[in-house]
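Visitor: Please find one structure pasted underneath; my questions will follow.
Just so it is clear, none of the values below were taken in a lab; they were calculated from the coordinates. As the structure is a computational prediction, the values presented were derived from the model and not from experiment.
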Amino acid sequence: MRLDEEDIKIGSRLTSFRLHDFIHEDMARIYVDQVKFAKITLYDVAPNILTQFDDQLAKYAADVFNRGGIDIRTSRKIKELSPGLPDSDAEHQASRLGLTLKVKDEPDLGIGMCIWSTGFV
């Protein structure tokens with residue numbers, strides 16, 4: 001198993017933190033040399049995370065996530081997630097796994113894994 005940079009994209013705050021713990025506590029024991037390549041990025045359409053809680057708690061959670069290496073990208077609208085890597089020809093694509101994440105007003109991003117999770121309404 002190879003964990004490349006920008007492999008994991010998440011759409012839910014709690015899922016992000018649980019996945020971070022799973023990677024850095026559990027998987028780190030098995031994939032000692034690979035876990036350093038894992039990167040978690042949380043995308044949220046809201047201007048900050050945990051909008052249902054007070055500002056102080058939301059700021060604290062963001063600080064904890066940042067210290068844990070979770071990249072938080074707020075005010076982002078995901079337009080599309082599609083199979084294949086961006087800017088790859090069909091012949092090259094046939095032998096590689098990957099996804100293209102399209103975010104409004106940002107360049108297409110090639111990723112290895114996406115966990116799409118939503119919060120409560």
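Visitor: Under 19 Å from the Cα of residue 102, which lysines turn up, not counting those fewer than eight places away in the same chain?
Guide: Partners found: 9, 39, 77, 79.
Visitor: How far, in nm, would the chain grow between residue 71 and residue 35 when pulled straight, counting 0.36 nm per residue and subtracting the alpha carbon separation?
Guide: Working: separation 36, 0.36 × 36 = 12.96 nm, distance 1.61 nm.
Working it through step by step, the gained length comes to 11.3 nm.
Visitor: Extension gain residue 116-residue 21, at 0.36 nm per residue separation less the Cα-Cα distance, in nm? Present the calculation step by step, with values, prior to reporting the outcome.
Guide: Working: separation 95, 0.36 × 95 = 34.20 nm, distance 1.76 nm.
Extra length from residue 116 to residue 21 when fully extended: 32.4 nm.
Visitor: For the range 61-73, what does the Karplus curve 6.51 cos²θ - 1.76 cosθ + 1.60, with θ = phi - 60°, yield as ³J(HN,Hα) per residue in whole Hz, taken in order and with x for Gly and Pro?
Guide: Whole-Hz 3J(HN,Hα) from phi for the range 61-73: 4, 4, 5, 4, 4, 4, 5, x, x, 8, 7, 9, 10.
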